[in-house]
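Only one structure is covered here, and it is reproduced in the block below.
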Amino acid sequence: MPRKVVRKERGVFEKVPGSDIWWIRFKVDGVEHREKVGRRGDAIKLYGLRKGDVVRGVKMPANMKHKGVKFGVIAQEAIDWYINHERRDVRNFKGRMKFIVEAFGDKVADEIKPSDIDNWIGAHDWSPATKNRYKNVFGKTFKIALADGKVTSNPARMVEQRAENNARIRFLSDEEEKRVREAITKQFPMHLPEFDVALNTGMRKSEQFSLEWPEVSLTRKRILLEKTKNGSDREIPLNKTCLKAFEALHAVRPHSGRIFQSKYGRDLNNPRKWFELAIEESKVQNFRWHDLRHTFISRLVMKDVNLRTVQELAGHKTISMTTRYAHLAPEHNQAAIERLDPVEA
């Protein structure tokens, strides 16, 4: 297919043919000025403005050079991309981006170096996993801007990932669950279904608290999650406890939109406030909401459910993520190794 012929515009040009990154050139008192802009349409508009400034006699330094788009601009475009593509993690992306823009919003995007990103991330007292999440926000932002011709490189690609320690597996014992359940029932009874759903589905917090009724089938006893963290859809079966929790919720909230809401009828994005108070009341130590997912997976393994099935139910992308829990079923391993013993006559 022949390349589309682009009508030439006076003072507008591609410095690198085919790059789709456009510049403008104009003269002030016989001195030529060049500015890098980006999209062709933006370059045409800026050229018109600059010519108007020249006619009005606006003073411009002889070495003036447009350095490119600022990070704040490509940050907003990345947020818009997440919204338009209906990404489930858009809220987390926006939250992290807000913090990044405070430091980088006024910087020219093409002048941000890998060391700038690495030093900024390293200056914060975050876990390795959190640092990697911020690196990923930088990377995705520059990737989108690069595809749109707004920048010439992606410096985040040169920033090393932090080594994450995923060894922590904290799960509720039966006695601890009883104490937590009693604390929730006493202080926050309306939130008990959220606790039961988390404990019996193993959904990630972002998956559970973005859930809407069209994704839940009470007749089929299934939840259909689309665009999960590992990039694929996942169907979750509902046991009796979980089905009962959803039926109770539907009886009082048969609305469209988010299933889980606050007592004020607003969408609930994070259970941390009430859950941390319940944990404190229960005297259970060192336990977070995400550990309910660990509890779900751990209990499956300890009940001798095979790891492939556990992988599917948990939505793990690789089996290696699931095998972290394999040590919780020592009886299963013992039974397997005893098969090597000779059969006694």
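Here are some notes:
- PHE142, PHE171, reordered so the largest accessible area comes first (probe 1.4 Å): PHE171, PHE142
- The Rg/Rh ratio for the chain is 1.12, where Rg is the radius of gyration of the alpha carbons and Rh is the Kirkwood radius.
- For LEU172, the residues whose modelled amide H falls within less than 5 Å of its own, excluding neighbours fewer than 5 places apart on the same chain, are THR295.
- Quick note on the range 122-174: its Rg to Rh ratio, both from C-alpha atoms and Rh being the Kirkwood radius, is 1.20.
- Computed over the range 138-251, Cα set: Rg, Dmax in Å: 19.9, 58
- Candidate residues THR323, THR141: accessible-area rank, largest first, probe 1.4 Å: THR323, THR141
- Heavy atoms of LEU192 accessible to a 1.4 Å probe, total area in Å² rounded to 10: 40 Å²
- Distant-in-sequence amide contacts of PHE26, defined by a placed amide H-H separation under 5 Å and a gap of 5 or more residues or a different chain, comprise HIS33.
- A simple packing score, the average count of other Cβ atoms within 10 Å per residue, orders the peptides 126-133, 35-42 as 35-42, 126-133, with the highest score first.
- HN-Hα J in Hz across the range 92-101 - Karplus 6.51, -1.76, 1.60, θ = phi - 60°, x for Gly and Pro: 5, 4, 5, x, 5, 4, 4, 5, 5, 4
- Largest-first ordering by accessible area, 1.4 Å probe, given options TRP81, TRP274: TRP81, TRP274
- Across the chain, the relative contact order, built from alpha-carbon pairs under 8 Å that are at least six residues apart, equals 13 percent.
- √(5λ) per eigenvalue of the Cα gyration tensor, the range 65-173, largest first, Å: 27, 17, 11
- Residue-level accessible surface for HIS327, protein heavy atoms, 1.4 Å, Å²: 120 Å²
- The amide H of LYS107, built 1.01 Å from its N in the peptide plane, has PHE71, GLY72 as neighbours under 5 Å, considering only residues 5 or more places off or on other chains.
- Average Cα contact separation per residue, the range 276-325, under 8 Å, 6 or more apart, as relative contact order %: 25 percent
- Listed pairs LYS94/LYS178; LYS140/LYS263; LYS240/LYS263; LYS94/LYS240 exceeding 32 Å between Cα atoms: LYS94/LYS178; LYS140/LYS263; LYS94/LYS240
- Label-point separation in nm, THR130 to HIS85, each point 7 Å along Cα→Cβ: 2.6 nm
- Intensity falloff of the range 178-227 expressed as log10 I(q)/I(0), Debye formula with alpha-carbon point scatterers, at q = 0.13, 0.17, 0.20, 0.31 Å⁻¹: -0.37, -0.59, -0.76, -1.21
The values are calculated or read from the model by the stated rules, or taken from the named source; none is laboratory data. In this text, all values refer to a predicted model and were calculated from it rather than measured experimentally. Positions of Cβ are backbone-derived with ideal geometry, glycine not excepted, and every protein chain shown enters the neighbour counts. Accessible surface areas use protein heavy atoms only, side chains included; no ligands, DNA or RNA. Shrake-Rupley method; radii C 1.70, N 1.55, O 1.52, S 1.80 Å.
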